[in-house]
Each structure stands twice: as structure tokens, then as C-alpha cells.
Amino acid sequence: MKYCGTWYEIAAIPSKQQRGCAKTKAEYTLDLATGRVLVRNSCRRNGREASIRATAAPVEGSGNAKLIVTFFRWIKADYWVIGLAEDYSWALVSNPAGSRCWMLSRTPYMDEALYRQLLDELRLKGIDTAKLVKTAQG
């Protein structure tokens, strides 16, 4: 699965759990035994690493563009890949309502012109980009 590996958060509509986070990234690993994707989200907060683990399963018929992510075995969340570079260098992810959004990159930094282009893409998809907060990766 090409989507596996490390993704750095460039910007997000942050959740309560993400407030105060910097150096945020997500790591996806395919579990060949189950076909699920193992997820590890991490960030630096108050000088310490904070992380959470989850599993993700593709929604049948979505071409792997829609995932159901399960945290703590009972909390489920829908993650839809709504934009993806052909070379998998960046991804745009949201929930179905568009109230949550993440701009992800394979590198911790993104060219400003590309960032602005992706903001335009998000707006076209109905995402309120005024709520997006750039993630400090330095």
C-alpha cells in the first residue's frame, strides 16, 4: 500500500487532543496478517512526545480512499482521502462533514506555492480553510 509510511502534518483543523502540539506526524504500517493498517499519531507537547495508536480499515468499494480508524477498540472515526498527489508526496484528508481536515506531506515542510494551491483545492471541496492551523515542524 503506497499510503503507508510517515506523513507530516503541514496544517490541520485541530481537535482538542491536538492543541499545543508541534512536530505532528502519522505513521502507517500495513499488518499483512489482518489487512488492517496500524496507525501511530505523535506530536511534541510541553517538550515531551505524546502519541496514540489506532487501526485503520478501508471502506469496501472506496478504492482505499475512505478509512474507518479505530482508537481504543471502540472509538471509530471516518477518514477520507480527498486529495492525493500522483507520487504520494502530499495528501488531503477530512471527515465526511469536512469539520476535520489534515494537510499531510512526506516531508516536514511544504513549498508555500504548493501549500496555497492545496488550500484552494480544500476550498473547492467545501472545507473552511480559515479554521486550518499550520503545524510547527521546526
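Structure summary
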quantity	calculated
Cβ pairs under 8 Å, 6+ apart, first in region 78-89 and at positive phi, second in a loop (DSSP other than H, G, I, E, B) and at pLDDT below 95	88/2; 88/3
Options 4, 43: the member that is buried (at least 19 other Cβ atoms within 10 Å of the Cβ) and of a type outside the set (D, E, K, R)	43
Pairs where the first residue, in region 47-58, is without any contact (Cβ under 8 Å) to a residue 12 or more places away in the chain and the second is surrounded by fewer than 16 Cβ atoms within 10 Å (Cβ to Cβ) and in a strand (DSSP E or B), C-beta under 7 Å, 6+ apart	51/40
Those strands (runs of 3 or more DSSP E) lying entirely in region 40-106 with at least 1 residues polar (S, T, N, Q)	48-58, 66-71, 90-94, 101-105
Filtered residues of region 59-77 (kept if touching a residue at least 40 places away in the same chain (Cβ under 8 Å) and under 12 Å from the mean Cα position of the chain (by Cα))	none
Check on residue 11, more than 28 Å from residue 138 (Cβ to Cβ) and touching a Lys or Arg at 6+ places or on another chain (Cβ under 8 Å)	no
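The values are calculated or read from the model by the stated rules, or taken from the named source; none is laboratory data. Since we're looking at a predicted model, the values are computed, not measured. Note that we place each Cβ from the backbone using ideal geometry, even for glycine, and neighbour counts take in every protein chain shown.
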